[in-house]
Amino acid sequence: MPEQHQPERTTEQEFHATSSTHEVSSEHKKQHAELIKTGLDGLFGQLSSYLSEQECARIRAAFAVADAAHLGQYRQTGEPYITHPIAVATLCATWKLDSQSIKAALLHDVLEDSGIDKITLANQFGAPVANLVDGLSKLDKLHFDSKEAQQAESFRKMLLAMADDVRVILIKLADRLHNLSTMETMRADKRKRIAQETLEIYAPIAHRLGLDDIYRQLENLCFEQIHPWRARVLREALKDSRQVKRELFGKVIHQIRESFASAQIQADIFGREKNLASTYHKMKNKKLSLSKVMDVYGFRVLVNTRSDCYLSLGILHGLFNPVPGRFKDYIAIPKKNGYQSLHTVVLNHVGKPMEFQIRTHEMERIAESGIATHWLYKETDVSFSDVQKQSHLTLQSLLHIQQKTNDSIEFLEHIKVDLSPDAVYVFTPKSKILSLPRQASALDFAYAIHTDIGNRAVGAIINGIDSPISQELHNGDRVQIITDAAAHPAPIWLKWVKTSKARMELRHYFKTQRLAESALLGEQLLRQSIEHINLPYPDEVKDGWERLIGDVGSKSQEELLSEIGLGIRYANITAQRWLFLNQTRDASASQKAILEASEEALVKSDTERLIIRGDEANTVTLSKCCRPIRGDSIIGYLQKKQGLIVHTSECPIARAQRNIDNLRWIDLEWDTETDLNINFPVALSIIAVNEKGLLAKVASRIADAGANIADVSLETHSGDADIRIIIDVTDRSHLAQVFKAVRTLRQVKKISRRFSKPSKNQ
């Protein structure tokens, strides 16, 4: 029997329940009841440590609703589905999230899997809980295994929910963490896909919000799914070395404690073992063997005050030899997510490296729990403004990207760059510290300061040295941007920037500029077409634009004109619609349908030649097949979404295309009244006797004629040389001077312009 087609499922739905279609045995019911009871005991054991009895009672009511909603539903593991919300809520309880978060965690799937709606939840548990559940329900529609655009658009929904209430992402991370740890029944390819999705999106978000413990757990689980064999080998290797490390840890810790006691510094010191993922990444990135990675021992030192951190560092460097270049001060310069710590590497008595992380207890809480620290220790006197500020900035930066970017694929691209954990730290002239991605340029720095500074940047002063804006920045660089009011972005800048903000602002600038220029071109084309049929322009008619825009289906006058300028709409057809509207203002639907059906059959009207200058960079493109120059007889092709493509009238490719699609072709004329200092590239072929120094002589003649050589190549055959060259000239008159100068060489047999030939498909 052929397999029936199943609708595409989202990542989260692959974990979700299905209704039971068979009778569950009494033995299984008993096991399931015990499983649920154990989960609830663990959950309320956690909750009772920081929530009141009244709050716990309200959470039990939320559990009852969730239990009823998921009755008869089972996970792919065979467990009752309610065990999943209990597990998610328990994870949230370990972070000591508030009662609203716990209720939302228990109820996070009820909108998807039952008839309960948001209003019902709001009436029972309050609007904040209902909003959290609604936000989480939207997240469960994510389609990361489908098309990239759908993936990005779904992630945009998650971002908006998370920006509204950060608890959404905390519960979502708990949901994802539990799902990742219970994937054993899934196919290997699905497990790998979900793990990859987590590494690209969820793990970086956890990292940026300072949720280091969650980040490490996600990273480890994903590594085990993507590289199961490597994970197994590493796990066994770590297990074998654990006993050896324990003995060394004991000796080192004892030695350090004695030194700290002498200095009257209270400290908690313990050895730490790298997780599987970080061990693997270290091997891969630093090209180290497993044995060398295993030789690196990690320790953490927790002290009471910031000054104790630096005193501890001095003691450690006094006991052991520090490794040059392996010290990092994240206390003075915190990471983007608010992480603070001193990192140093020293050599022990047998020459083995040891890594130390030195931080206060407060820094430790922030390093492990990030934004969750706000709930975890909210009743203490400790201020967490820094981590909250960093988390807020993270969310704001992500929101800024989604507000500026309409294209979903582009949005996802920006997000992945923005979430990258690697960073360099540079200084402004006023000693403010900025964090930028690795390989970021001075131009990235400029846009990080302000969009206007980026748009007007012409150079940089890096550590007192004049530098181009494309210069890559490094840790500790002091950067000053030089601006010019007349400067503006160039397309090549997109190759120089690494930050999502800079790339986004540049694309926004080019898009805006192009739309403005395409609207001007569209106005020229439409005005000529309307004047040809002896009608007033819509500007001159009451509600003219409103009627025309409504008829063609554009959103605005600018959009309509831009679409004409970009070749998305035909100017003559739009003019015909304008004629129709003026002749039959109250036309019937059938009449309009007839007109629309006949649009493709309309013959292009003869209009006046459109005048162009040649420097309309964003809407007018000079074709490379024939390289037209001022003075040439020219025609233009309205390429959809690209604007006007200019060809010479003699261009063989243009002639071939015009025979196929005449409707999009326009007769053009050069603007001869405007004095413009523009150079046009033109391709030449020079046939000459191949003698020593020929190329140099040709180049000299071209230079004498005032032309610049942009590109040159030479082929030889039968004693002759075919010099294929591209030069810059101002117009046909200038080109004639070049021809005359080159022809004075006795070796030259022929000089001509070079045109591309049409392909078989044209």
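Computed from the coordinates by the stated procedures, all read-outs in this text should not be read as laboratory data. Computed from a predicted model, the values in this text were never measured in an experiment. Quick reminder, even Gly has a Cβ in these numbers, built from the backbone with ideal geometry, and neighbours come from all protein chains shown.
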Cα gyration tensor shape of segment 688-762, rounded if a/c is under 1.5, else prolate or oblate by comparing a/b with b/c: oblate
Cα shape, segment 644-728, gyration tensor, a/c 1.5 rule: oblate
Computed FRET value (nearest 0.05) for Ala485 with Ser685, which takes r as the C-beta separation and R₀ as 35 Å: 0.20
Total formal charge among the other residues, if their Cβ is under 9 angstrom from that of Leu494, Lys/Arg +1 and Asp/Glu -1: +3
Length added when fully stretched, Gln54-Asp722, from 0.36 nm per residue minus Cα-Cα: 231.3 nm
Inter-centroid distance (Cα atoms) of segment 428-454 relative to segment 469-505, Å: 8 Å
Neighbourhood net charge (12 Å Cβ-Cβ; Lys/Arg +1, Asp/Glu -1) for Phe427: +2
Highest to lowest packing among 322-330, 471-479, 493-501, scored as the average C-beta count within 10 Å: 493-501, 471-479, 322-330
GluC sites (Glu not before Pro) restricted to segment 177-237 and DSSP loop, no more than 11 other C-beta within 10 Å: Glu184
Euclidean distance between Cα centres, segment 693-762 to segment 77-91, Å: 76 Å
Computed FRET value (nearest 0.05) for Ala261 with Glu184, which takes r as the C-beta separation and R₀ as 41 Å: 0.25
Fully extended contour minus Cα-Cα distance, from Thr38 to Lys555, at 0.36 nm per residue: 180.2 nm
Nitroxide proxy distance, nm - points 7 Å out along Cα→Cβ at His28 and Ile465: 7.2 nm
Sum of side-chain charges, His734 neighbourhood, beta-carbon under 10 Å (Lys, Arg +1; Asp, Glu -1): 0
Under 5 Å, built H, 5+ apart or other chain: amide partners of Arg478: Phe427, Asn463
Residues whose placed amide H lies under 5 Å from that of Leu622, excluding near-sequence neighbours: Val646
